[in-house]
1. Just to verify a result, which residue in the range 18-54, among those that are under 24 Å from His90 (Cβ atoms) and assigned to a loop (DSSP other than H, G, I, E, B), is modelled with the lowest pLDDT?
2. Go through the range 184-217 and give me each residue that's within 12 Å of the chain's Cα centre (by Cα) and within 14 Å of the ligand (Cβ to nearest atom).
3. Considering each residue of the range 169-183, count those that are assigned to a loop (DSSP other than H, G, I, E, B) and either within 15 Å of the ligand (Cβ to nearest atom) or over 15 Å from the mean Cα position of the chain (by Cα) (or both), and give that number.
4. Could you pull out every one of the strands (runs of 3 or more DSSP E) wholly within the range 71-153 that has 1 or more residues that are among the basic types (Lys, Arg), free of Cβ contacts under 8 Å to residues at least 60 places away in the same chain and in contact with a helix residue (DSSP H, G or I) (Cβ under 8 Å, 6 or more places away or on another chain)?
5. Residue by residue through the range 219-236, note down the ones that are at pLDDT 95 or above and not in a helix (DSSP H, G or I).
6. Out of all the residues in the range 86-102, which are more than 15 Å from Thr136 (Cβ to Cβ), buried (at least 16 other Cβ atoms within 10 Å of the Cβ) and more than 16 Å from the ligand (Cβ to nearest atom)?
7. What pairs can you find where one residue is in the range 157-168 and away from the ligand (no atom under 14 Å from the Cβ) and modelled with pLDDT of 95 or more, the other is small (Gly, Ala, Ser) and not in a loop (DSSP other than H, G, I, E, B), and their Cβ atoms are less than 6 Å apart, with a gap of 6+ or different chains?
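The values are calculated or read from the model by the stated rules, or taken from the named source; none is laboratory data. The model shown is predicted, which means the values in this text are computed figures rather than measured ones. Please note: Cβ atoms are built from the backbone with ideal geometry, for glycine as well, and neighbour counts cover all protein chains shown.
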Amino acid sequence: MHPVKMPSLHILLLLLTTTTALADTESRIQYLANEGVAVFHEQTTLLFDPMFRPADTYYASVPEETREAIINGSDPFEEIAAVFVSHYHHDHFDPADMLRLMTQHETTRLYAPKQAVDAMRAISGSDQADIFKRVTVLDLSYGDEPKLMQTGNIEVEGFFIPHSGWPNRHADVENIAFRVTIDDVATVVHFGDADAQSEHFARHLRHWEEKEAGVALPPYWFFGPGDGIDILETYIRPLRSIGIHAPASYRNKENIPEELRDFDLFTDPGESRVLRIHRAEPARPRQGCRPIRRRPERFALHWNPVGSGLRAHAR
Ligand SMILES: [Zn+2]
C-alpha cells in the first residue's frame, strides 16, 4: 500500500460524499383528476386516489388514455411503488379498476381504508387472493392514533381525519389522510376529503410536529372558510400547497371564485409542478407560520410549473 496515496484518497471520498449530500433532488407532482395525483421522485412513483369513476361530470375524470397507461404500466407508470386510497366514494375509488391495477402491477403496494379493501374483496376472484398480500388495510376510527408503516424507501403515516361535513354528513366514511416520505427527503400529504376543522388535526399534534411536508395536497375547500389555512400553517407546514378536488368547471379560470385565486389549484388533468428539494438543508425547526398563499418571489425559487420557463434562478 503506497503510504502517500491514502490521505488523498480519503479527501477524494470526502469530496464525493459532500457533493452527493449537496445535490438537489426533484419531485414532480402530476395531476390525474379530481383528487388523483401522481408523485415521481427519482425512481419512485406513488399514486393517490388514481382509480375512480365519478357518477357525473361535476368533477373531472382521469382521461381514458391516462387510466389505461396507469393500469397497463406504460410510460411514465411502468413502476408504481405504492397506491394510496383516501376513502371509498365513487369520485375517489373504483374497486374494479383498482383490482385491474393491482393485477397488472405485481409488486405495487396498496394502502387503503377497510371500506375500500372490503369492496375489492367482494368482487375479486379466487385467483386474485395473492393481491391482498400487498394490501395494507387501514382500519381506523376517529380518535385512533395514526398508523405508521415503512416499506423499503417509503415511510407511510395514515391519519383518520373525518370526511368533510362531519359530524352531520358522511360520518360513517373512513377517510384517511396520508403523509408519505420517499428517501427521507420528499414528503407529500394527501388529505382525501378531510373536514377542515382544526380539532381533527390538533389531536395528532405530536405526530405532525415530527416533520414538515414538501407538498400538501388539500381539497380546495381548505383555502376557503373554515380552519384549512390554519391547519396547513400550524400542523402540515408544507413548502407548497396545491388544492385538489376542484370542480371541473375551474378549468376555465374565470369560474374560479375570487377568494381562491391567490392559491395554487390543480384544474387541468395532466398538468404538473416540480418541487426542488435541497438535500443538504438541515431539518427546519418548527415554525409557527409558513406561507400558504402563493407568493411570486418564492414561487420562482422553489416551485416551477413544468414548461413555464420559470426555471429557478435559485440563489
Ligand atoms: Zn368523499
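1. Per the criteria, the residue is Pro54.
2. Within the range 184-217, His190, Phe191, Gly192 meet the criteria.
3. Of the residues in that region, 7 qualify.
4. Hits in the range 71-153: 109-113.
5. Pro219, Asp227
6. Scanning the range 86-102 gives Asp97, Leu99, Arg100, Leu101.
7. Hits for this filter: Phe159/Ala177.
Residues checked against (1) free of Cβ contacts under 8 Å to residues at least 12 places away in the same chain; (2) out of contact with any strand residue (DSSP E or B) (no Cβ under 8 Å at 6 or more places or on another chain):
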position: Asp195; (1), (2): no, no
position: Glu199; (1), (2): yes, yes
position: Leu217; (1), (2): no, no
position: Asp230; (1), (2): no, yes
